[in-house]
Amino acid sequence: MGSDGKRKKRGRKSKTQTTLDPTTPTLNDEVFSVNNVEIVNSTTPTSANHLENRRGRPKKRPKHSPEKPPPLTNGEIGVATPVEGVARVLPAMDAVVKVFCVHTEPNFSLPWQRKRQYSSSSSGFVIRGRRVLTNAHSVEHYTQVKLKKRGSDTKYLATVLAIGTECDIALLTVNDDEFWEGVSPVEFGELPALQDAVTVVGYPIGGDTISVTSGVVSRIEILSYVHGSTELLGLQIDAAINSGNSGGPAFNDKGECVGIAFQSLKHEDAENIGYVIPTPVIKHFIQDYEKNGAYTGFPFLGIEWQKMENPDLRMAMGMKPDQKGVRIRRVDPTALESEVLQPSDIILSFDGVDIANDGTVPFRHGERIGFSYLISQKYTGDNAAIKVLRNSKTLEFVIKLSTHRRLIPPHVKGKPPSYYIIAGFVFTTVSVPYLRSEYGKEYEFEAPVKLLDKLLHSMPQSPDEQMVVVSQVLVADINIGYEDIVNTQVLAFNGKPVKNLKSLANMVENCDDEFLKFDLEYDQIVVLRMKTAKEATVDILTTHCIPSAISDDLKP
């Protein structure tokens, strides 16, 4: 999860950091930034000397102390509550396992090869059906995954069944029957209420044995999932979630799992703020896998919307005093809902639930939550009823929900990057991992304005549209004068618009014209003689030890 940023950091750092509960130990730190909030996926080895006990050995309890807890049985652990100091017995501890993963990440700067492999460790737990849950970022770009049970010295080879990038959950299994002996699966509980006690179990840094931290649920709302670049329901707790806790379960007082630890907040004025993936999101992931045989994702509305809290704005849009909703600013032309929804429509309700002017809907007793929660409860391909106000008339539509596709995707989902090389020009597609590889942790400050504008505001105009760039020019006699072209978008080839990388490769390979002309961003043009360009490509590939001029996914 390292980055190959080529420039020094110049952007001003934000003081707030949301940290993906990382695995340990790994090579580098990864910093994301969302809405000027710096988000760190810290995978740097941390010293094991920072232990909680700072005042020496605790005092011995009197032999006849009335607070002495009952003896614990095998597979149970006593957890002291923060207030009473009374031990709680937590079952199913043997279901928590340690996850060992070897990662081999793509090299986006040199897309024909991969980076050096590295190892990490995290947590997971056994569920019904001989399966294990952990975090998606714990096994991202995996080469090999192994699991070790509590108290065991054997590591069992695991198989990855599904990776839910958006919800940061992965599903594993083990074929060896010995692994499942004596292990009882974890049972899921209901979504907890505020101030409910939770206990996070896992294998964080500071030791090799199982670790337990306790706290309470302090907030329930729609959270930004760092790894998934999405917004889903999440729990904020005040229990410590440290490096290595990734994928570990959070239990309630009944010993039921109410979530998966996955990220924490790092801020100079905040302590012990951790985040947990709640059971509704976990069950959605599991049921999606069981229903479709694979992970299909969480559906999203392909729209951008605006709050309608201003009374003058509501009046101008023809809303009655008793009507509430949000205004559609833009509609993704590739989304299915673009066939019925239009800009300036006012969304009044979704599936019969009225939407407030600030975009929230009722959630349990005395609480409100963003209406995207209603959408995330659905599955890909489900239908939903939506009521809109258009030109002072109320209309109702039934739309089919689907996953949302971005012009610059936040993830490559384990696939190697695509590339095409001609005359030393390396063409590839832009993604968030690519920007992070090229410009480092501060890519939102360092990347060219044109690329960032496309990242934040552009919508794809067709389902297969990609943003194609010249990532670099491998210097040779054929490309003299073009050496400084770096990460510049390709707009057209010989007068024809470039829709995606495959279409560009096909046009160049099948070109019979004398010249190859590429129209780039900033009104730059590149002109090469077709015959000499293709002849020079062979020598350039040999010089740089590149096995092929075109990636496997682009070959006919």
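The values are calculated or read from the model by the stated rules, or taken from the named source; none is laboratory data. In this text, all values refer to a predicted model and were calculated from it rather than measured experimentally. Don't worry about glycine lacking a Cβ; one is built from the backbone with ideal geometry, like all the others, and counts go over all protein chains shown. These area figures cover heavy atoms from the full protein model, side chains too; ligands, DNA and RNA do not enter into them. Shrake-Rupley method; radii C 1.70, N 1.55, O 1.52, S 1.80 Å.
When only the heavy atoms of the protein chains count and the probe is 1.4 Å, how do 484, 312 rank by accessible area, highest first?
484, 312
Just want to confirm a number: the relative contact order over region 299-403, from Cα pairs under 8 angstrom separated by 6+ residues, in percent.
It rounds to 30 percent for region 299-403.
Pull out the extension gain between residue 542 and residue 393, defined as 0.36 nm times the separation in residues minus the alpha carbon to alpha carbon distance; nm, one decimal.
47.0 nm
If you take the beta carbon distance between residue 287 and residue 194 as r and set R0 to 22 Å, what does 1/(1 + (r/R0)^6) give as a FRET efficiency, to the nearest 0.05?
Given R0 = 22 Å and the Cβ-Cβ separation, E is 0.25.
Over what distance in Å are the Cα centres of region 242-301 and region 365-400 separated?
Here the two parts' Cα centres lie 24 Å apart.
Among 338-345, 150-157, 431-438, how do they line up by average Cβ neighbours within 10 Å per residue, starting with the highest?
Listed from highest to lowest mean packing, they are 431-438, 338-345, 150-157.
I'd like the FRET efficiency for residue 365 and residue 160, computed as 1/(1 + (r/R0)^6) with the beta carbon distance as r and R0 of 41 Å, rounded to 0.05.
It comes out at approximately 0.55.
Normalised by the residues of region 419-544, what does the relative contact order come to in percent, with Cα pairs under 8 Å and at least six apart?
Computed value for region 419-544: 26 percent relative contact order.
Where Rh denotes the Kirkwood radius from the mean inverse Cα pair distance, what is Rg over Rh for region 299-403? Please report the intermediate quantities before stating the final value.
On the way: Rg = 13.1 Å, Rh = 13.9 Å.
That ratio is 0.95, to two decimals.
Starting from the residue with the highest accessible area, list 467, 507 in decreasing order, probe 1.4 Å.
507, 467
Divide, for region 196-292, the radius of gyration over alpha carbons by 2.2 N^0.38 Å, where N is the residue count.
Taking N as the residue count of region 196-292, the ratio is 1.07.
Got a sec to turn the phi values of region 320-329 into Karplus ³J(HN,Hα) couplings, 6.51 cos²θ - 1.76 cosθ + 1.60 with θ = phi - 60°, whole Hz, x for Gly and Pro?
6, x, 8, 8, 9, x, 10, 8, 7, 8
Over the Cα atoms of region 420-556, what is the Rg over Rh ratio if Rh follows Kirkwood?
Reported Rg/Rh, Kirkwood definition of Rh: 0.95.
Over what distance in Å are the Cα centres of region 124-140 and region 436-515 separated?
Cα centres, region 124-140 to region 436-515: 38 Å.
Would you mind calculating the relative contact order of region 87-180 from Cα pairs under 8 angstrom and at least 6 residues apart, reporting the percent as a whole number?
Normalised by residue count, the contact order of region 87-180 is 27 percent.
Scaled to the compact-protein estimate 2.2 N^0.38 Å, what is the alpha-carbon radius of gyration of region 348-388, rounded to two decimal places?
Relative to the 2.2 N^0.38 Å estimate, region 348-388 comes out at 1.15.
Compute the Rg/Rh shape ratio of region 87-180: radius of gyration over Kirkwood radius, all on alpha-carbon atoms.
Values: Rg = 14.8 Å, Rh = 14.2 Å.
Ratio value, two decimals: 1.04.
Give the long-range amide H neighbours of residue 363: residues separated by 5 or more places, or on another chain, with amide H under 5 Å away, using H modelled in the peptide plane at 1.01 Å from N.
Here 368, 369 satisfy the definition.
With every protein chain in place, what's the accessible area of residue 102 (1.4 Å probe, Å², nearest 10)?
The accessible area comes out at roughly 30 Å².
Rounded to the nearest whole Å², what accessible area per residue is found for region 87-180 with the 1.4 Å probe?
Accessible surface, normalised per residue, equals 36 Å².
Taking 21 Å as the cut-off for C-alpha to C-alpha distance, list the pairs among 115/441; 307/450; 155/291; 115/502; 378/400; 324/393 that go past it.
From 115/441; 307/450; 155/291; 115/502; 378/400; 324/393, over 21 Å: 307/450; 155/291; 115/502.
Given the protein chains as shown and a 1.4 Å probe, how many square angstrom of residue 387 are accessible, to the nearest 10?
70
Can you give the extra length, in nm with one decimal, that the chain gains between residue 336 and residue 218 once fully stretched, where that is 0.36 nm per residue apart less the Cα-Cα distance?
Full extension of this stretch gives 38.7 nm more.
About its Cα centre, how strong a charge dipole does region 419-544 have in debye, to the nearest 20, once Lys and Arg get +1 and Asp and Glu get -1 at the Cβ?
The dipole of region 419-544 has a size of about 280 debye.
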